[in-house]
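Heads up: the structure comes next, in structure tokens.
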Amino acid sequence: MRVLVVEDQPKMSRLLQRGLQDDGIAADVTDNGEDALWMAGSTEFDAVILDVMLPGIDGFETCRRLRADGVWAPILMLTARDAVEDRVSGLDSGADDYLVKPFSFAELSARLRALIRRGSVVRPALLKVDDLELDPAARKVHRGGTGIDLSVKEFALLETFMRRPGDVLSRLQLLEHAWDYEYENRSNVVDVYVRYLREKIDRPFGRDSIETIRGAGYRMRIGASS
């Protein structure tokens, strides 16, 4: 396995590199986000250990850019900042786990092994299908740069569609992801909210992105046109 360590404190980076090597993991080290971007873009790493406080672009921005560049290796963020909002910012920027300094190397190693077992899975922080964009953290939706106001349930339903574009989703699947157990499976609530969504994300823009698949459910089309 091969891991990229992005840490600007020389003592810490040496300790991390030595510990990983002792665990049989090859470790490449850099002290800034800019180098991390080109290194991760040119080499397929199994994971990235990323410090938040870096010179130049910080760890949050580095993480966002890695995900935007299509780097899906698991990212473990390190920081001395333990405020809840900092942990939220790290996870919302695309990180998979968060470890506050000081920490034991044994815990870091265990977290890293758990992340590597999951492998590299596409999990963008910003969902995009054609010109429709959804930001789960900011809870904002745009189509072609125009903001769209959605209710909580409309947003949840749209997020479900956008996480599986092109897939046919049954009403039961949509219920399971966007509603709780108080709704019975035979309820027509899905059909009602699909209609609400179409009125907000499609018709004003001359689009037809949510397709009805007769007898099966619904599908978010890729390349939907007027």
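The values are calculated or read from the model by the stated rules, or taken from the named source; none is laboratory data. Everything numeric in this text was worked out from a predicted model, so none of it was measured. Here the Cβ is made from the backbone with ideal geometry for all residues, glycine too, and neighbour counts use every protein chain on show.
Among the residues of segment 142-167, which ones are at pLDDT below 90, over 19 Å from the mean Cα position of the chain (by Cα) and among the aliphatic types (A, V, I, L, M)?
Val152
Taking the stated definitions as given, is Ala137 out of contact with any helix residue (DSSP H, G or I) (no Cβ under 6 Å at 6 or more places or on another chain) and surrounded by 13 or more Cβ atoms within 10 Å (Cβ to Cβ)? Break it down into steps so the answer makes sense when it comes.
Details: out of contact with any helix residue (DSSP H, G or I) (no Cβ under 6 Å at 6 or more places or on another chain): no; surrounded by 13 or more Cβ atoms within 10 Å (Cβ to Cβ): yes.
Considered against the rule, which asks whether it is out of contact with any helix residue (DSSP H, G or I) (no Cβ under 6 Å at 6 or more places or on another chain) and surrounded by 13 or more Cβ atoms within 10 Å (Cβ to Cβ), Ala137 comes out as no.
In segment 2-14, how many residues are in a helix (DSSP H, G or I) and surrounded by 14 or more Cβ atoms within 10 Å (Cβ to Cβ)?
Looking only at segment 2-14, we keep the residues that are in a helix (DSSP H, G or I), and these are 10-14.
Still in the list and also surrounded by 14 or more Cβ atoms within 10 Å (Cβ to Cβ): 12-13.
Counting residues in segment 2-14 that are in a helix (DSSP H, G or I) and surrounded by 14 or more Cβ atoms within 10 Å (Cβ to Cβ) gives 2.
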